[in-house]
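> Below is one structure. I have some questions about it.
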Amino acid sequence: MRITEIKVLPVDGDEKLKAYVTIKLDDCFVVRDMKVIKGTTGYFVAMPAKKMKDGTYRDLVHPLDKPTRQKLEELVLDEYNKIQRDDERPSLREAL
């Protein structure tokens, strides 16, 4: 299974939450509401979660092993960084 599309929607004005992410797997399965979070040791990807009755959160989907999680985070954070760089570039209209 491979990630065939990553959509990043940046969030402004939040200290920790930096973006919402949607990924498409093999052009046939979508996972929405992943989050890019700025933690104390850097950025990480949080999986979609549901709040339980006791106030804790439980992931709805998640990688089953460390290499898969690392690859997923790498691809998502690369796309997030690309979007951030693109937002910092002046538009053609601003450059004129």
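No value in this document is a laboratory result; all are computed from the given coordinates. Predicted model only: the values in this text are computed from it and were never measured. Glycine gets a Cβ as well: all are built from the backbone with ideal geometry, and neighbour counts include every protein chain shown.
> Between Tyr57 and Gln84, what is 0.36 nm times their sequence separation minus the Cα-Cα distance? Round to one decimal in nm.
6.9 nm
> Here's another thing I want to ask about it. Here are some values of Kirkwood radius over Cα pairs in Å: (1) 13.6; (2) 14.8; (3) 21.1. Which one was computed from this structure?
(2)
> Only Cα pairs under 8 Å and at least 6 apart count here; give the relative contact order of the range 3-89 as a rounded whole percent.
20
> By how many degrees, between 0 and 90 and to the nearest 10, does the Cα long axis of helix 66-88 differ from the longest principal axis of the chain?
Orientation of helix 66-88: about 20 degrees from the principal axis.
> May I pose another question? Cross-link partners among lysines for Lys51, C-alpha distance below 17 Å, same-chain residues fewer than 8 apart left out?
Straight-distance partners of Lys51: Lys35.
> Identify the trypsin sites (Lys or Arg not before Pro) of the range 5-96 meeting these criteria: DSSP loop state and at most 10 other C-beta atoms within 10 Å of the C-beta.
Lys53
> What distance in nm lies between label points placed 7 Å from Cα along the C-beta direction at Asp33 and Asp65?
My value for the distance between the label points is 2.9 nm.
> In nm, what is the difference between 0.36 nm times the number of residues separating Tyr20 and Lys7 and their Cα-Cα distance?
3.8 nm
> How much mean residue ellipticity at 222 nm does the chain get from its helices, if each DSSP H run of length 4 or more adds -39500 (n - 2.57) and you divide by all residues, to the nearest 500 deg cm²/dmol?
Computed mean residue ellipticity for the chain: -9000 deg cm²/dmol.
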